[in-house]
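Structure record follows, encoded as structure tokens.
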Amino acid sequence: MRRRRFHRVIFAAALAFAACLCLFGVNAQTQDPKALFPVEQNDTWGFIDRTGKVVIPFKFESVSDFHEGLALVTDNGKKLFIDTAAQVVITPQFDIVSDFSEGLAAVNMGQIRNGIGLIANPGKWGYIDKNGKLIIPLKFTHAENFSEGLAAITDGDRGGFIDHTGKIIFAVPLDVTLGFHEGIVGVLFRGSVGYFDRNGKKISPPIDYGPKSNSFSEGLAPVSTGNKWGFMDRTGKLVIQPQFEDAENFSESGARLSEPKNQRRWALPKKVLDPTSAPVRAADD
């Protein structure tokens, strides 16, 4: 489950990052020009825009990214949701609060962790809307963000996926998931990962997944067998045979991978589906 990510970057590095976004041509169709980025200075957090201008002053103990117009911040020990004008929109009264996804945020009451950080009591999870109203009651022992209309939950030993009303759409044992991508979700359970479609149908490719789990991107997902990586499509068919030391998700019709002879990194075009085809260019590390 995706949790709040506290970005440990210094202010100067954030300014450089903002400049790089402009210099290296970020896709305007996929990147919001009004996006704000969390940065830290003197142990307090604020937000800058793409030019490096401070838009929200440094005054918070911790912050998350903006999601759907709201960012979760900690101010004087209290969790708050603020908008891009730094106005407090929601003051949630819960022990744990997740970021918004598809208009809902997972919240928890009663979770207890032991001295080494393991969950001793999971408490109860539910979901609030952007008005702070509890829409789905606190009744789950695990709850994840919504993706493509569904969210993974567990209720004791039972797991499954719910819709925005809290209705169980299909049941499947799970510990944690990768979220839905392109109609497919990766589900991790007891150290292994399986893939399911939105109807709960399992995709079962005849391979060993290995220790790394990946989501679908542009119709393909990297998978491994015999310590080699290749790619399968959404039916579970291997369309690029396992032959690489490592492989990552496709992005903008290319994928990063490494080949065994010299451990160089390569970029593989999506159209190269012939297992005998070689990568076409070396990618920067």
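With the requirement that a residue be assigned to a loop (DSSP other than H, G, I, E, B), at pLDDT 95 or above and of a type in the set (S, T, N, Q), what does region 77-102 give you?
Thr84, Gln87, Thr91, Ser98
Filtering region 123-133 down to residues that are over 21 Å from the mean Cα position of the chain (by Cα) and not polar (S, T, N, Q), which residue is surrounded by the fewest Cβ atoms within 10 Å (Cβ to Cβ)?
Initial filter on region 123-133 (over 21 Å from the mean Cα position of the chain (by Cα)): 123-124, 131-133.
Imposing the further condition that a residue be not polar (S, T, N, Q) reduces the set to 123-124, 132-133.
Details: Gly123: 18, Lys124: 18, Gly132: 15, Lys133: 9.
Across region 123-133, the extreme among qualifying residues is Lys133.
Just give me the residues in region 150-183 being basic (Lys, Arg) and under 19 Å from Gly103 (Cα atoms), in sequence order.
Residues of region 150-183 that are basic (Lys, Arg), as a first pass: 158, 167.
Once the filter is applied, which keeps residues that are basic (Lys, Arg) and under 19 Å from Gly103 (Cα atoms), region 150-183 yields only Lys167.
Sort out which residues of region 143-161 are hydrophobic (A, V, I, L, M, F, W, C) and buried (at least 22 other Cβ atoms within 10 Å of the Cβ), and write them in order of number. If you could, list the steps in order and put the result at the bottom.
Going through region 143-161, the residues hydrophobic (A, V, I, L, M, F, W, C) turn out to be 143, 146, 150-153, 161.
If the condition is that a residue be hydrophobic (A, V, I, L, M, F, W, C) and buried (at least 22 other Cβ atoms within 10 Å of the Cβ), then Ala143, Phe146, Ala151, Ala152, Ile153, Phe161 are the ones that fit.
Please go through region 229-264 and give me each residue that is surrounded by fewer than 16 Cβ atoms within 10 Å (Cβ to Cβ), part of a strand (DSSP E or B) and modelled with pLDDT under 85, ordered by number.
Ser251
Within region 96-119, track down each residue that is over 22 Å from Ala71 (Cβ atoms), surrounded by 12 or more Cβ atoms within 10 Å (Cβ to Cβ) and among the small types (Gly, Ala, Ser).
If the condition is that a residue be over 22 Å from Ala71 (Cβ atoms), surrounded by 12 or more Cβ atoms within 10 Å (Cβ to Cβ) and among the small types (Gly, Ala, Ser), then Gly110 is the only one that fits.
Residue-by-condition table, conditions (1) modelled with pLDDT under 95; (2) touching a Ser or Thr at 6+ places or on another chain (Cβ under 8 Å); (3) part of a strand (DSSP E or B):
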{"position": "Val107", "(1), (2), (3)": "no, yes, yes"}
{"position": "Gly115", "(1), (2), (3)": "yes, no, no"}
{"position": "Gly126", "(1), (2), (3)": "no, no, yes"}
{"position": "Leu138", "(1), (2), (3)": "no, no, yes"}
{"position": "Ala152", "(1), (2), (3)": "no, yes, yes"}
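Please work out which one of (1) over 22 Å from Leu72 (Cβ atoms); (2) surrounded by fewer than 16 Cβ atoms within 10 Å (Cβ to Cβ) is the condition Val193 fails and give its number.
(2)
Take the conditions at pLDDT 50 or above and under 30 Å from Val176 (Cβ atoms) and apply them to Phe6. Does it pass?
Details: at pLDDT 50 or above: no; under 30 Å from Val176 (Cβ atoms): yes.
Taking the combined requirement at face value, the residue does not satisfy it.
Across region 156-192, what is the total count of residues that are closer than 22 Å to Phe140 by Cα, assigned to a strand (DSSP E or B) and within 21 Å of the chain's Cα centre (by Cα)?
Here is the first cut: in region 156-192, the ones closer than 22 Å to Phe140 by Cα are 156-180, 185-191.
Retained after the next criterion (residues that are assigned to a strand (DSSP E or B)): 158-162, 168-171, 176-180, 185-189.
With within 21 Å of the chain's Cα centre (by Cα) added as a condition, the list becomes 159-162, 176-180, 185-189.
Total meeting the criteria: 14.
The values are calculated or read from the model by the stated rules, or taken from the named source; none is laboratory data. For clarity, every value in this text was computed on a predicted model and none was experimentally measured. All Cβ positions, even for glycine, are placed from backbone atoms using ideal geometry, and neighbour counts span all protein chains on display.
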